[in-house]
Structures are given as structure tokens and as C-alpha cells.
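Asker: Take this structure first; my questions come after.
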Amino acid sequence: MSESPDAQTVFAIHTATALGINDAKEFILNSPPLLVSRILESAEKIGRVPGQERTVENRTAILTDPIQDDESLGPVVSRILDEETTKALANGGRRLGMCHQIWNHTKRRLSDEHDIEWFSPREMNPGSCFD
């Protein structure tokens, strides 16, 4: 059995993702620690942390993997995302659910070709729906 996460981390994930407290706890227990830390890092960058004033900007912003802002890794992630988006658009144009295909292919290529662990917007924003 996994050790229960501390209350501060549970509340920080709750604040970052808008998951309920119990859902935030379950998310932490069932997610890779790297994903949890990247969500918290992304939330801190946009000011979505406990004690911070809630604004329209930080309430509605989508959390993105902080490696996308990294000087060396960010350009690689952007290039692969662009390439996968171009491929998906060439294969029938925009359609519902296309973002998931793009993100899955991007994630696989970054891992296989560059040994980069990247988390998609779906992974970074548990409880949110994307189409």
C-alpha cells in the first residue's frame, strides 16, 4: 500500500487542478511522482497555488509540461508537436479528438527518439476534457 500523501501536497494538487480533495489525494497516489511535481511546477508558474489570489487568467489557464519552457528541451518538444500536428491535419483535417492522437504520437516520439518524458495537456490537467 502506498504511503498517504501529506495534506499540503494534496491541497496544492487540488488548487492546481480543481480536483476535489479526495480526488486530488487519489490522483497523487495513482500517478507517477514526476507528473505530480510537473503539475505543481506549472501551477506555480501561472500563480495557481494555495494562498494566491484567483484571477481569470490563472483559473482558466491550461497547465503545460514545464519542459516546454526549458531552453534545450522546449524547442525539441515544439518541433515534434508541430510535425505531428502537420501530419494529423494532412490526414483529414481537424476533427474531434485529434488532439489526443497528436499528443500520443508526440509523447511516443519524444520518448523513443529523444529519451524525453513529456506530459500532454490531458495528463497535466486531470479532470479536464479536451477535444
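Asker: Among the residues of the stretch 110-122, are any β-branched (Val, Ile, Thr) and more than 26 Å from Glu3 (Cα to Cα)?
Answerer: At the first step, the residues of the stretch 110-122 found to be β-branched (Val, Ile, Thr) are 116.
If we keep only those that are more than 26 Å from Glu3 (Cα to Cα) as well, we get 116.
Taking every residue of the stretch 110-122 in turn, at least one turns out to be β-branched (Val, Ile, Thr) and more than 26 Å from Glu3 (Cα to Cα).
Asker: Kindly provide the set of residues from the stretch 1-32 that are in a helix (DSSP H, G or I), touching a residue at least 24 places away in the same chain (Cβ under 8 Å) and either within 18 Å of Ile62 (Cβ to Cβ) or not assigned by TED's automatic domain parsing to the domain that holds Lys45 (or both), ordered by number.
Answerer: Residues satisfying the conditions are Ala12, Ile13, Thr15, Ala16, Thr17, Phe27.
Asker: For residues in the stretch 88-112 being farther than 16 Å from Glu123 by Cα, modelled with pLDDT under 95 and assigned to a helix (DSSP H, G or I), which is farthest from the chain's Cα centre (by Cα)?
Answerer: Going residue by residue through the stretch 88-112, those that are farther than 16 Å from Glu123 by Cα are 88-96, 109, 112.
From what's left, modelled with pLDDT under 95: 88-96.
Narrowing the set further to residues that are assigned to a helix (DSSP H, G or I) leaves 88-90.
Values: Ala88: 21, Leu89: 23, Ala90: 26 Å.
By that ranking, first place goes to Ala90.
Asker: Now a separate question. For residues that are of a type in the set (A, V, I, L, M, F, W, C), under 13 Å from Thr9 (Cα atoms) and surrounded by 17 or more Cβ atoms within 10 Å (Cβ to Cβ), tally how many sit in the stretch 36-66.
Answerer: Taking the stretch 36-66 as the starting set, the residues that turn out to be of a type in the set (A, V, I, L, M, F, W, C) are 36, 39-40, 43, 46, 49, 56, 61-63.
Add one more test, that the residue is under 13 Å from Thr9 (Cα atoms), and what stays is 36, 39-40, 43, 49.
Going one step further and asking which of them are surrounded by 17 or more Cβ atoms within 10 Å (Cβ to Cβ), we end up with 36, 39-40, 43.
Of the residues in the stretch 36-66, 4 are of a type in the set (A, V, I, L, M, F, W, C), under 13 Å from Thr9 (Cα atoms) and surrounded by 17 or more Cβ atoms within 10 Å (Cβ to Cβ).
Asker: Here's a follow-up. Check Cys129 against each of (1) of a type in the set (A, V, I, L, M, F, W, C); (2) closer than 24 Å to Ala24 by Cα; (3) at pLDDT 95 or above and name the one condition it does not meet.
Answerer: Among (1) of a type in the set (A, V, I, L, M, F, W, C); (2) closer than 24 Å to Ala24 by Cα; (3) at pLDDT 95 or above, the lone unmet condition for Cys129 is (3).
Asker: Now for a different question. Of a type in the set (Gly, Ala, Ser), touching a residue at least 12 places away in the same chain (Cβ under 8 Å) and under 20 Å from Gln68 (Cα atoms): does that describe Ala43?
Answerer: yes
Asker: May I pose another question? Looking at Glu53, Glu57, Glu44, which one is in a loop (DSSP other than H, G, I, E, B) and modelled with pLDDT under 95? Lay out the reasoning, then the answer.
Answerer: Numbers: Glu57 fails: in a loop (DSSP other than H, G, I, E, B); Glu44 fails: in a loop (DSSP other than H, G, I, E, B).
Result: Glu53 is the single residue among Glu53, Glu57, Glu44 that is in a loop (DSSP other than H, G, I, E, B) and modelled with pLDDT under 95.
Asker: On to the next question. From the set of residues in the stretch 67-88 that are closer than 21 Å to Asp131 by Cα and among the charged types (D, E, K, R), which is surrounded by the most Cβ atoms within 10 Å (Cβ to Cβ)?
Answerer: Among them, the one singled out is Glu84.
The values are calculated or read from the model by the stated rules, or taken from the named source; none is laboratory data. Everything quoted here is computed from the prediction, not taken from an experiment. FYI the Cβ positions are ideal-geometry reconstructions off the backbone, even for glycines, and counts take in every protein chain you see.
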